[in-house]
């Protein structure tokens, strides 16, 4: 462990705990989710179906809906094919595959309550199965509609962080810097940001995880429309003072980023998180400009492809 005494005062309000004596993974993932695995709870207490579905990636959500729709139709088509073929008036019986195809599309029409009318059920059992499938269809449509609405109106912090942080020359010394920018036409105002440093240090001969506040040159801005290069000056009061890249690796350092802003599109407060491990902090580099004035007078052009661009520079 690094033997240099850290003069900065540790903070206890990160909510991540300090009882960790060995760190094997980052505390906050790059997408902002907490890297926490829970134990001692049953499956109903561990997972929220609504939370799982509302936060699922869009393409996974679409695949899940299509899979559910196809599976339900297939199951009921199998029931119709095995038990109800004589009681489906208007059904064209052909080869086993053609007959099953007829049963499958009758199931689809029943599930969606479309009912074109060519095929109709007769008999108590067949009508019961069809009625039960129609009920499932109505409930499924209501649930899927609610989930789509919830996913559509859920306030999200549409922010993109630079993939790496850099230690660059800043004024007469050094500064820890990273960048963020709004995406998807986000209208963010009253943006505030807090940064903390997690490090494994030795206290009384025992390793323990501690958190230190990293004061920023500017911690809040009125509006975020282009990019924001966040700077923590590394001076005598900084917990990073005189720490090299090797020291950060030895101490398993991780920079934790917490952002809060008001999104004018949602008329609500949104929150974003990210982090940079010691391996994602580049010493002796500075970011290249990511926005510039349009030569045609169209306004300011922000090139998100340059958000992570940097060049190597000597450190003082």
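Since every read-out is calculated from the coordinates, none of them should be taken as a lab result. No experiment lies behind these values; they were computed from the predicted model shown.
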Correct choice for mean projected area of the Cα convex hull in nm² that was computed from the model, options (1) 17.7; (2) 18.5; (3) 25.2: (3)
Rounded to the nearest 500 deg cm²/dmol, what is the calculated helix-only ellipticity per residue at 222 nm for the chain, with -39500 (n - 2.57) per DSSP H run of length n ≥ 4? -8500 deg cm²/dmol
Long-range tail of P(r) for the stretch 49-153 (Cα pairs > 15 Å, %): 64
Among 187, 199, 56, the residue with the largest mean-square fluctuation in a Gaussian network model of the chain built from Cα contacts under 10 Å is 56
Round to the nearest 10 and give me the degree value, 0 to 90, for the angle of helix 96-111's Cα axis relative to the longest principal axis of the chain. 70
Relative to the longest principal axis of the C-alpha atoms of the chain, give the angle of the C-alpha long axis of helix 124-153, reported between 0 and 90° and rounded to the nearest 10°. 20
Among 93, 226, 166, which one shows the highest mean-square fluctuation when the chain is modelled as a Gaussian network with alpha-carbon springs under 10 Å? 93
Hey, what angle do you get for helix 58-79 against the long axis of the chain, alpha-carbon based, 0 to 90 degrees rounded to 10? 20
Relative contact order as a percentage, the chain, C-alpha pairs under 8 Å and 6+ apart, gives 21
Pick from 146, 137, 117: which is most flexible by mean-square fluctuation in a GNM of the chain where alpha carbon atoms under 10 Å apart are linked? 117
Cα-Cα pairs of the stretch 149-237 separated by more than 17 Å (percent): 61
Find, to one decimal place in angstroms, the Kirkwood hydrodynamic radius of the stretch 159-316, where the mean of 1/r is taken over every pair of different Cα atoms and then inverted. 16.8
Separation of the stretch 97-116 and the stretch 142-175 by C-alpha centroid, Å? 44
Please report, in cubic angstrom per residue, the volume enclosed by the convex hull of the alpha-carbon atoms of the stretch 99-176. 160
